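These notes concern the structure reproduced below.
The values are calculated or read from the model by the stated rules, or taken from the named source; none is laboratory data. Remember, it's a predicted structure, so these values are computed and weren't measured experimentally. Backbone-built Cβ (ideal geometry, glycine too); neighbour counts: all protein chains shown.
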Amino acid sequence: TLTDAEALRERAWSALTAARARTTLLTTCVDEPDLVAQHSPLMSPLVWDLAHIGNQEEQWLLRAAGGQDPLRPEIDSLYDAFEHPRAERPKLPLLSPVEARRYTAEVRARATGVLETADLTGPRLTRAAFAFGMIAQHEQQHDETMLVTHQLRSGPPALSAPDPAPAPPYRGPAEVLVPGGEFTMGTSTEPWALDNERPAHTRHVPAFFLDTTPVTNAAYQAFIDDGGYRDPRWWTPEGWAHIQRHAITAPLFWHREGRQWLRRRFGVTEPVPPDEPVLHVCWYEADAYARWAGRRLPTEAEWEKAARHDPSTGRSRRYPWGDADPTPAHANLGQRHLRPAPAGSHPAGQSPLGIHQLIGDVWEWTASDFLPYPGFRAYPYREYSEVFFGPEYKVLRGGSFAVDPVACRGTFRNWDYPVRRQIFCGFRTARTAEDS
Ligand code: AVJ
Ligand code: FE
């Protein structure tokens, strides 16, 4: 109907505009040499992300949705993430910062035209609605990636944001029982859910206990102080080999001065805040901590059941607090702050069982490999999810302070290698209930 088309135009326009404001901030707060430099072999130069954002928008909104001829077909391969691994990207003949800005702005002007004039009726509405949502999410995902690059960059601070409100020490229970039984995992109705979140399907999840907050720096420091990094009992063989080979003894960006742990955060060094969720640990470290604590990482299905299942109705909801879009009271999202909020923050965002901070703050490692749901269909391209399915990648859930709400929901799935820790990742732990 006309109103559906109008609603889509509004929603898509505001999601695209919000993403571009974020992209602009992240690519204007440093000077040109910093945009073209590679701050870590793990990351692209910021100017690559900028033009890649424009190039994906050109492919999906101008060419696919708008039926337009290519604007700059000759640059497609430069910005194809599969053709060039990140480490090689600085050597490519990339668009300069000025050219990249001009290109992305030109694409956006035309995409706005497509949104205003496209025939958004029938099946076209559904397809176009998805394309605009996918591209807004894509830009916000790269905005998170660019924030990771900023965190890896050395030199004086370029970004700042107010800290989250201080929270009183969390005094609730450390864990809660999630009763066993079936729940609906994934979605077939959320319009901007990506292919890997689909379709909705039933899962039986036996009873388990889950931490009510993410694991804090203080708790993680107890693992370090107890010699956790020197005791192979806590580690998988791969994890143990990895920390030996790379001499890993603490989370990334931490260092010790005397008895004090310090961490570098966006160019500023500060004492490690005890009540904050731990950040920048790889899957192997999260898994080892959990074993040391006599626990384990939750599976992806356990995480999603804790985040979405409403025990009073049996229904799966969009978020732990219900179906309403996130507000700042619910969750720390969207780079409003450049750090996670203390454990126990955002009581308005807790789940019906009293589990805090499932959405926002830190991406949470799960025990699960990244696999398709039963009935999965790649859409709109195999390279979004399908080519990554398999045991090499572990799933992360819940989103971090750096993720925009448009790319974060109870069904959203992120994935990465178990060695990665430059991303904004932490975890919480679980244990199986004896009588499950
Ligand atoms: C879902 C975060 C793993 O950054 O590789 C960006 C998102 N896909 N461009 C990634 C993505 C294509 C993806 N992750
Ligand atoms: Fe991309």
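Ala64 passes all but one of (1) within 16 Å of ligand 2 (Cβ to nearest atom); (2) more than 18 Å from Ala118 (Cα to Cα); which number fails?
Against the list (1) within 16 Å of ligand 2 (Cβ to nearest atom); (2) more than 18 Å from Ala118 (Cα to Cα), Ala64 comes up short only on (2).
Output the number of residues of the range 70-125 satisfying the condition of being within 16 Å of ligand 1 (Cβ to nearest atom) and closer than 20 Å to Val30 by Cβ.
Residues meeting the conditions: 3.
List the strands (runs of 3 or more DSSP E) that sit entirely inside the range 201-294 and contain at least 2 residues that are over 30 Å from Phe183 (Cβ atoms) and of a type outside the set (Ser, Thr, Tyr).
Because the criterion is at least 2 residues that are over 30 Å from Phe183 (Cβ atoms) and of a type outside the set (Ser, Thr, Tyr), the strands (runs of 3 or more DSSP E) in the range 201-294 that meet it are 254-257, 260-265, 268-271.
Looking at the range 58-69, is at least one residue within 17 Å of Thr27 (Cβ to Cβ) and within 13 Å of ligand 1 (Cβ to nearest atom)?
No, the range 58-69 contains no residue that is within 17 Å of Thr27 (Cβ to Cβ) and within 13 Å of ligand 1 (Cβ to nearest atom).
Please count how many residues of the range 423-436 are at pLDDT 95 or above and either within 16 Å of ligand 2 (Cβ to nearest atom) or over 12 Å from the mean Cα position of the chain (by Cα) (or both).
So the count comes out to 8.
Take the range 339-356 and flag every residue that is crowded, with 21+ Cβ neighbours inside 10 Å and more than 24 Å from Pro191 (Cα to Cα).
Arg339, Pro340, Ala341, Pro342, Ala343, Ser345, His346, Ile355, His356
Could you grab the pairs with beta carbons closer than 7 Å, sequence gap of 6+ or different chains, first residue in the range 44-70 and touching a residue at least 40 places away in the same chain (Cβ under 8 Å), second one within 12 Å of ligand 2 (Cβ to nearest atom) and among the β-branched types (Val, Ile, Thr)?
As it stands, the answer is Asp49/Thr145; Gln56/Ile135; Glu57/Ile135; Trp60/Ile135; Leu61/Ile135, since those pairs meet every condition given.
Since Gly181 meets every condition but one in (1) on the phi > 0 side of the Ramachandran plot; (2) touching a residue at least 60 places away in the same chain (Cβ under 8 Å), which condition does it not meet?
Of the numbered conditions (1) on the phi > 0 side of the Ramachandran plot; (2) touching a residue at least 60 places away in the same chain (Cβ under 8 Å), the odd one out for Gly181 is (2).
Since Glu383 meets every condition but one in (1) buried (at least 16 other Cβ atoms within 10 Å of the Cβ); (2) within 16 Å of ligand 2 (Cβ to nearest atom), which condition does it not meet?
Going through the list (1) buried (at least 16 other Cβ atoms within 10 Å of the Cβ); (2) within 16 Å of ligand 2 (Cβ to nearest atom), Glu383 breaks only (1).
Among the residues of the range 177-186, are any crowded, with 16+ Cβ neighbours inside 10 Å and either at pLDDT below 95 or of a type in the set (Val, Ile, Thr) (or both)?
Checking the range 177-186: at least one residue is crowded, with 16+ Cβ neighbours inside 10 Å and either at pLDDT below 95 or of a type in the set (Val, Ile, Thr) (or both).
Do we have Ala402 as in contact with a helix residue (DSSP H, G or I) (Cβ under 8 Å, 6 or more places away or on another chain), touching a residue at least 60 places away in the same chain (Cβ under 8 Å) and closer than 24 Å to Ser312 by Cα here?
Answer is no for this residue.
Would you please name the residue that is surrounded by the most Cβ atoms within 10 Å (Cβ to Cβ), looking only at residues in the range 30-74 that are among the β-branched types (Val, Ile, Thr) and part of a helix (DSSP H, G or I)?
Ile53
Report the residue count in the range 296-349 for those that are assigned to a strand (DSSP E or B) and under 30 Å from Arg233 (Cα atoms).
1
Is there a residue being buried (at least 22 other Cβ atoms within 10 Å of the Cβ) and modelled with pLDDT of 95 or more anywhere in the range 256-264?
no
Buried (at least 21 other Cβ atoms within 10 Å of the Cβ) and either more than 16 Å from ligand 1 (Cβ to nearest atom) or basic (Lys, Arg) (or both): which single residue out of Ala174, Ala128 fits that description?
Ala128
When only residues in the range 386-419 that are aromatic (Phe, Trp, Tyr) and in a loop (DSSP other than H, G, I, E, B) count, which is surrounded by the fewest Cβ atoms within 10 Å (Cβ to Cβ)?
Checking each candidate, the answer is Tyr417.
So in the range 43-61, with the set limited to residues that are among the hydrophobic types (A, V, I, L, M, F, W, C) and farther than 23 Å from Ile423 by Cβ, which one is nearest to ligand 2 (Cβ to nearest atom)?
Trp60
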